1. Return the total of residues in the range 187-240 being farther than 20 Å from Leu259 by Cα and under 28 Å from the mean Cα position of the chain (by Cα).
2. Name the residue that is nearest to Asn233 (Cα to Cα), counting only residues in the range 205-221 that are assigned to a helix (DSSP H, G or I) and either at pLDDT 95 or above or among the hydrophobic types (A, V, I, L, M, F, W, C) (or both).
3. Would you confirm whether any residue within the range 93-113 is charged (D, E, K, R), assigned to a loop (DSSP other than H, G, I, E, B), under 30 Å from Phe195 (Cα atoms) and modelled with pLDDT under 95?
4. List the residue pairs whose Cβ atoms are under 9 Å apart, where the first residue sits in the range 162-178 and is free of Cβ contacts under 8 Å to residues at least 40 places away in the same chain and farther than 15 Å from Leu198 by Cβ, the second is hydroxyl-bearing (Ser, Thr, Tyr) and assigned to a helix (DSSP H, G or I), and the two are 6 or more positions apart or on different chains.
5. What residue, of Val165, Val258, is at pLDDT below 90, surrounded by fewer than 19 Cβ atoms within 10 Å (Cβ to Cβ) and part of a loop (DSSP other than H, G, I, E, B)?
6. Among the numbered criteria (1) over 30 Å from Pro30 (Cα atoms); (2) touching a helix residue (DSSP H, G or I) at 6+ places or on another chain (Cβ under 8 Å); (3) modelled with pLDDT of 90 or more; (4) among the aliphatic types (A, V, I, L, M), which single criterion is violated by Leu236?
7. How about the range 128-162: which of its residues are of a type in the set (Asp, Glu) and at pLDDT 90 or above?
8. Just one of Tyr44, Tyr31 is in contact with an Asp or Glu (Cβ under 9 Å, 6 or more places away or on another chain), modelled with pLDDT under 85, part of a helix (DSSP H, G or I) and not assigned by TED's automatic domain parsing to the domain that holds Ser163; which is it?
Amino acid sequence: MCCRSIKKNKLIDGIEFCKRALIFGLERQPYERELISRVLSACYEIFNDNEIVDGFQILLFRLPDVVLDVPHAPLLLSKFLSRAVYDEIVPPIFIKDATIDNPKAKECMALTFATTHSVDGRESMEHIWGPGDLTSVNSLKIAVDTLLDEYLDNPDINETTDSFVQLNVPSFYGEIVKRGLFKCLDKPEESWDNFIKLLKYWLQMTLITAGQIKRGFSIAYSRINDLKIDVPNAELFLAEIQKKAANTSILPPGFVPVLSQEK
């Protein structure tokens, strides 16, 4: 539908369209960025030669202004550009020949070069926007487990939150809470406290809702029997974590899990 609309509107300039689409994507989340990458690829044959390339070049010129509103713009634009190279709508030579007139553009092109020349370059470019785009639930679970494992080993709230935001999968947040709880059960009590701190931070930053936290605890209680072989005291430990959650006000004191047979 988008391509048909562009074909019908003869006044649409390919360079301006590409530039505006990229700016829109920089301010959105992985799912929308994946759609924009697909739209640019689909529109490649509609525009004149080099219009998409010129759209990228304009944004490179404007990166110093864009980063004022989107601090991670060089990284995000490098992902758009790497994906465009993978989709063959931007020639690889552009990575070498692009005009670089500011430090942010230089940073962007260095990141693009690193991505397009990495060992797993093709696979990483195909799924450049991560498991929160249009990829499988299995990939998402792997990404979530990695995020949680890294946090419990090295509890850096800011770094973990950045990764959490990039996932952009609100419908999966209850499952993320459950997976975090399960990972805590066979760890020292310090890990329980760190996970509660993480949930409290996300709640305070309105990145997650109280309802999603309650749902995560409910899912954990519903599936606790799965863990009892490896962690015999799993149910007792989970109850202790629940008390800590109530003491820090991320769960109501009288919280009662809603048990289900959900898998």
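The values are calculated or read from the model by the stated rules, or taken from the named source; none is laboratory data. What you are looking at is a predicted structure, and each value in this text was computed from that prediction instead of being measured. Don't worry about glycine lacking a Cβ; one is built from the backbone with ideal geometry, like all the others, and counts go over all protein chains shown.
1. Of the residues in that region, 20 qualify.
2. Ala220
3. no
4. These pairs meet every condition: Val169/Tyr31.
5. When all the criteria are applied, what remains is Val258.
6. With (1) over 30 Å from Pro30 (Cα atoms); (2) touching a helix residue (DSSP H, G or I) at 6+ places or on another chain (Cβ under 8 Å); (3) modelled with pLDDT of 90 or more; (4) among the aliphatic types (A, V, I, L, M) applied to Leu236, the lone miss is (2).
7. Asp145, Asp149, Glu150, Asp153, Asp156, Glu159, Asp162
8. Residue meeting the stated conditions: Tyr31.
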